[in-house]
Amino acid sequence: MRAAASVLCLTACAAGAPIAGDPAVDAADPDPDPDPDPDPDSGPGPDPDAAADAAPELPPYPPLDFEPIGSFGGLGAYLHVPPAMGIGEPRPLILVLHGCWEDAAVHAANSGWDALADARRLYVVHAEETAQIQQCLDWWSAGAQAGGGDTAALLAMIDAVAADYSVDPGRVYVAGFSSGGAVAINLVAAHPERFAGAIVHAGLPFAGYTGTDVGTLSYIFSEHDQTPAARAAAMPGDGPYPSVVAFVGDADSTVHPSYTRELVEQWTAAHGADQTPELEGLLKPDHPGHLYRRYEAGDGRLLIATITLDAMSHGYAVDPSGAGPDAGGAASASLPGKPIYGKDVGLWSAYWAAEVLGL
């Protein structure tokens, strides 16, 4: 039986006190106690890299900063290799997918994934779409949802990097915004065995819409409510599926915020779980409008976590003017004449996603 939801923040968070069970505690405490749950899928816990850090130092790969590595099914690819990535030392990889009206360089500049990768020693692959309408990665076609098209090209991108670098195959993640977030869900739904987790901003449920690029516009702007069972029935297999961290701005007028609720219903129902969060409260006590919810399987494994961002429009959360390790990202880069999608709301989504997933 699933435990009742735990309300983290009522009076305590209003007073600015850290709350037990809140990921913010880990950021505030420089020497946190290990997670008593030994299951590595249940969230932040003991550092999986402790043994590697204690091992003899390995010679490093030459660092790379946004290095083009070729074309994959028409998609461009750029690789970031932090300093001190030891040859032969398995390290996580994260595939980063931009949204419409962005390119890889703009999204990299705003999202801050490369800076986080330098701090946590992660390989980063930035994918880039140039041919589709408004530079949107294809999430809508039947082929892409079945594992072909852009989905297949992105897997080939990961394989190419893994062939040349010591990528840990059990710690491959994907992060995407808007159309990139929908593609991230396509990837982990169609190929759950290839990923440890997904991070989406302004995302969509899997196969909520299948059709043409132009037809997506009438879909994303408005609410399309379905039952959890109907959403789960759209999933391509029996699971289990990787953990998801979903960010949503409650003032998003481009991708309707209700789609994050639909994604929660889909991910929980696909695992036979209900839609009651095991944990609910503030991610950061000093930002009382940003609400964190965590949904778990019966064994405590994270299914999906959501972070609802108060008054945020279509974009991804950054905190360029903050202080401490959870400050980062930018809200300055854009394509000519296009919006800036990095939104300074006092919360760096890349950092907090990594905390929730234990990256």
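Annotations
- Protection proxy ranking, highest mean first, for peptides 201-211, 345-355, 81-91, 144-154: 345-355, 201-211, 144-154, 81-91, where packing is the per-residue count of other beta-carbon atoms within 10 Å, averaged.
- LEU64 long-range amide H proximity, modeled H, under 5 Å: VAL81
- Prolate/oblate/rounded label for the range 230-289 (Cα gyration tensor, a/c 1.5): oblate
- Protection proxy ranking for 301-309, 274-282, using the average of other Cβ atoms within 10 Å per residue and placing the highest first: 301-309, 274-282.
- Here the 3J(HN,Hα) profile of the range 171-183, calculated from phi with Karplus coefficients 6.51, -1.76 and 1.60 at θ = phi - 60°, is 9, 9, 10, 9, 10, x, 10, 6, 4, x, x, 5, 5 Hz, Gly and Pro shown as x.
- Per-bin percent of Cα-Cα distances, the range 75-216 [10 Å]: 13, 47, 32, 8, 1
- Amide H contacts under 5 Å for ILE304, placed H, 5+ residues apart: VAL244, TYR295
- Three-way shape label, the range 177-241, alpha-carbon gyration tensor, a/c 1.5: oblate
- For the listed peptides 127-138, 93-104, a ranking on the average number of other beta carbons within 10 Å per residue, highest first, reads 93-104, 127-138.
Readers should treat all values here as calculations from the given coordinates under stated rules, not as data from a laboratory. Since the model is a prediction, treat every value here as computed from it, not as a measurement. Here the Cβ is made from the backbone with ideal geometry for all residues, glycine too, and neighbour counts use every protein chain on show.
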